[in-house]
Amino acid sequence: MATLGDIGVAAAFNLLSAFVFFIAFAVLRLQPFNDRVYFPKWYLKGLRTSPTSSGAFVRKFVNLDFRSYLKFLNWMPEALKMPELELIDHAGLDSAVYLRIYLIGLKIFVPITIVAWAVLVPVNYTNKTLELQLKNVTSSDIDKLSISNIPLESDRFWTHIVMAYAFTFWTCFVLLKEYETVASMRLHFLASEKRRPDQFTVLVRNVPPDPDESVSETVEHFFLVNHPDTYLTNQVVCNANKLAKLVKQREKKQNWLDYYELKYSRNNAQRPIMKTGFLGLCGQKVDAIEHHEAEIERLSKEIAEERERVKKDPKAIMPAAFVSFKSRWGAAVCAQTQQSRDPTSWLTEWAPEPCDVYWPNLPIPYVSLAIRRLIMAVAFFFLTFFFIIPIASVQALASIEGLEKVAPFLKPIIDMKFIKSVIQGILPGLALKLFLIFLPTILMIMAKFEGFTSKSSLERRAATRYYLFNLVNVFLGSIVAGSALEQLNTFIKQSANEIPRTIGVAVPLRATFFITYIMVDGWAGIAGEILMLKPLIIYHLKNFFLVKTEKDREEAMDPGSLGFNTGEPQIQLYFLLGLVYAAVTPALLPFIVIFFGLAYVVFRHQIINVYNQEYESAAAFWPDVHGRIIIALLISQVALIGLLTSKKAAQSTPFLIALVVLTIWFYTFCKARYEPAFVRYPLQEAMMKDTLERAREPNLNLKPYLQNAYIHPVFKEEDEEDEFDFKSENESVLVPTKRQSRRSTPAPSRISGASSPSLPPEVVPEHPERAS
């Protein structure tokens, strides 16, 4: 087991690695040719241009001002200067609230660390329990600072119980204040943000089929009858997935054409040649430019044919539509109420903003969603409990004993003090990190299969799965020996009273592993985040091979986004580790505090200068963040109950059970008090915003603004060329219907003319009564 010396070596190694990364970043960001990599957000906003310098040619690529290198860490204070309100205006509420997660970590763990080291460490260290247990070969120096060093049935356990109460109350206090603050920020943001299509639009699914009318006509008539004063227009959902794939293929071919044309322009002596086989490694040799021009022409014809098919084929129209209203109040009423006596039809929900819509999932039939989610739930269960088998195997090899067993000839090298410290302090955490690289991609594919219709909901679902995976595999799988199936078998056979004891006994023994994991995944990971080595390489490859114009150079920039589906679950793992070990092994807490401090500064810099968020959900993810921290609190309390039971201090269990009950009550209170602000839009707020907008723009006509807001992206280029003759939204036009049970509806329509094709004009009444 790792000693304090091993942990010290590992900490020094990781801090040195992080420092090297920071220096590399500080140098690379100052070079003119890297400016678009490290400051792409300002370029996208049009507030920054490529740095120019007169003089030597080398100055265009290398910064020769040596004075600027002396202030290589000035990016840190610069990242902290921007006020939060300005940050919200610059990057959006999602980004600002995401940063608050790191800030909460500092608010919770800095006081807890100070108190734990002032109270618990002396209480633990002044015992001689582990020194007297000569036969115990698994104890380490870290254990002497933990609860493991306290003898059985000791009265000192009451100190840990009191501290558990103090840590819980402080954490709940911070969470309460943050929930209140974020809820207020969300409502203020929604009240002050600019006009957006999603504020007026509802996604309607499971539209019942009508043999007499198209989906668009059915939707129009339904909402003109049931929302006559607020309904404005609708856009039906079509299945354009095949068309989107063809467009994407054409874009790839165009990129290759640009590459070969650029290559030919640099060397006119020979036209570029390529092979048409697999990955260009085999097949017939052809002229690369002519080949790609022919391919683009072929794809363009297929795209035109497929676009016409989608427009004319009734089977391509899905029983769903984006329905827009004249006011936010009208949209809020529709989105938050049941539309039909049949609760399975005319299902409404707030529409995502257009850039947040995940178009490939819209054509999925609503009735199949439940089946898809059941399949993915089963698949995730098996993924979780089988994934740990390779993880456990690699971690076994990443230990001194494992390596010596597999490769005995390495024993002389392994026994060297420095190598031994690196293996024990770094290798286990690094092995686990490597095995988790592909997990986010797998979880995102699963979320897409489930049929979520927005990128934000996809990321939230993937984040939930990632969190559960970390909880089972990284946390429980690391503290409980054996494969996941053995753990499952053990837990099933044990009584419910024994499970907390099993976990509690194992928690202190794995403190050193989690310390190394925090250093490898946390410290080094944050340093790698700001270096942005992968985006740097990709940008320069694109810039060299594809860029011909300034527009091409802008497209080559890939600022990326925060990646909520991977970032937030990783943060939650550190909350879990900090809260579980706060009362058990306080030696782990300083590593947690350093992580949150570094991460806050680094991600603030990235949000200000790099990341360009794809969507804005107005911090809709905050209830998930709050709930997961509460889960971490509950796990820490249950683990402490199990640990004290193993220490024959069972008489203290009722006091900790009361703490569990209080924590659950706190969660239900916060859920009832604050969560509605994140799932529903107050009608009062909607009416206030509508009233102010009408006062400022009394002649505002929203129909041109909303009518094409939710057209599939593959149709937008074509539709932008068309001219639309929009009527005033207050103009009343007779809307005919082919359905015999409802002949007309007194409201404007964009579907058909003034008279029904199924009825003679003279049969249609001049002032028809509203159908019911």
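Data overview
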{"read-out": "So PHE222, is it buried (at least 17 other Cβ atoms within 10 Å of the Cβ) and not charged (D, E, K, R)", "value": "yes"}
{"read-out": "Residue count, the stretch 213-239 (criterion: among the charged types (D, E, K, R) and part of a loop (DSSP other than H, G, I, E, B))", "value": "2"}
{"read-out": "Tabulated pairs, the stretch 11-27, first farther than 15 Å from LEU598 by Cα and open to solvent by 20 Å² or more (accessible area, probe 1.4 Å), second modelled with pLDDT under 75 and among the aromatic types (Phe, Trp, Tyr), C-beta under 9 angstrom, 6+ apart or interchain", "value": "VAL27/TYR69; VAL27/PHE72"}
{"read-out": "Any hit, the stretch 193-201, residues being of a type outside the set (A, V, I, L, M, F, W, C), under 27 Å from ARG553 (Cβ atoms), modelled with pLDDT under 90 and part of a loop (DSSP other than H, G, I, E, B)", "value": "no"}
{"read-out": "Identity of the residue in the stretch 665-686, in a helix (DSSP H, G or I) and open to solvent by 80 Å² or more (accessible area, probe 1.4 Å), that ends up nearest to SER184 (Cα to Cα)", "value": "ARG673"}
{"read-out": "Any pair with Cβ under 9 angstrom, 6 or more apart, that starts in the stretch 178-194 at a residue that is closer than 17 Å to ALA332 by Cα and ends at one that is of a type in the set (Ser, Thr, Tyr)", "value": "LEU190/TYR681"}
{"read-out": "Filter result (open to solvent by less than 30 Å² (accessible area, probe 1.4 Å) and outside any helix (DSSP H, G or I)) within the stretch 687-706", "value": "LEU702"}
{"read-out": "The stretch 594-620 - residue that is within 16 Å of SER561 (Cβ to Cβ) and hydroxyl-bearing (Ser, Thr, Tyr) and, of those, surrounded by the fewest Cβ atoms within 10 Å (Cβ to Cβ)", "value": "TYR615"}
{"read-out": "Helices (runs of 4 or more DSSP H) wholly inside the stretch 43-158 containing at least 3 residues that are over 27 Å from VAL174 (Cα atoms) and at pLDDT below 85", "value": "129-132"}
{"read-out": "Hits in the stretch 347-380 (condition: outside any loop (DSSP other than H, G, I, E, B), within 17 Å of VAL323 (Cα to Cα) and of a type in the set (A, V, I, L, M, F, W, C))", "value": "LEU347, TRP350, CYS355, VAL357, TRP359"}
{"read-out": "Condition check for LEU246: of a type in the set (A, V, I, L, M, F, W, C) and in a helix (DSSP H, G or I)", "value": "yes"}
{"read-out": "All positions within the stretch 225-249 that are surrounded by 22 or more Cβ atoms within 10 Å (Cβ to Cβ) and farther than 17 Å from LYS311 by Cα", "value": "TYR231, LEU232, THR233"}
{"read-out": "Subset of the stretch 609-630 (residues that are of a type in the set (A, V, I, L, M) and closer than 23 Å to TYR574 by Cβ)", "value": "VAL610, ALA619, ALA620, VAL625, ILE629, ILE630"}
{"read-out": "Any hit, the stretch 503-517, residues being closer than 27 Å to GLY567 by Cβ, in a helix (DSSP H, G or I), modelled with pLDDT of 80 or more and charged (D, E, K, R)", "value": "no"}
{"read-out": "Residue tally, condition open to solvent by 50 Å² or more (accessible area, probe 1.4 Å) and in contact with a helix residue (DSSP H, G or I) (Cβ under 9 Å, 6 or more places away or on another chain), over the stretch 278-297", "value": "1"}
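Yes or no, residue by residue, for (1) crowded, with 17+ Cβ neighbours inside 10 Å; (2) touching a residue at least 12 places away in the same chain (Cβ under 8 Å); (3) over 23 Å from TYR705 (Cα atoms); (4) not charged (D, E, K, R):
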| site | (1), (2), (3), (4) |
| --- | --- |
| THR276 | no, yes, yes, yes |
| LYS312 | no, no, yes, no |
| ALA316 | yes, yes, yes, yes |
| SER327 | yes, yes, no, yes |
| TRP346 | yes, yes, yes, yes |
| GLU349 | no, yes, no, no |
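Here is a yes/no grid of residues against (1) under 30 Å from the mean Cα position of the chain (by Cα); (2) within 21 Å of ASP198 (Cβ to Cβ); (3) hydrophobic (A, V, I, L, M, F, W, C):
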| site | (1), (2), (3) |
| --- | --- |
| SER300 | no, no, no |
| ARG307 | no, no, no |
| GLY330 | no, yes, no |
| GLN339 | no, yes, no |
| TRP346 | yes, yes, yes |
| ALA377 | yes, no, yes |
| THR384 | yes, no, no |
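The values are calculated or read from the model by the stated rules, or taken from the named source; none is laboratory data. Computed from a predicted structure; not experimentally measured. Virtual Cβ from ideal backbone geometry, glycine too; neighbours counted across all protein chains shown. What goes into the accessible areas is simple: the full protein's heavy atoms, side chains included, and nothing from ligands, DNA or RNA. Shrake-Rupley method; radii C 1.70, N 1.55, O 1.52, S 1.80 Å.
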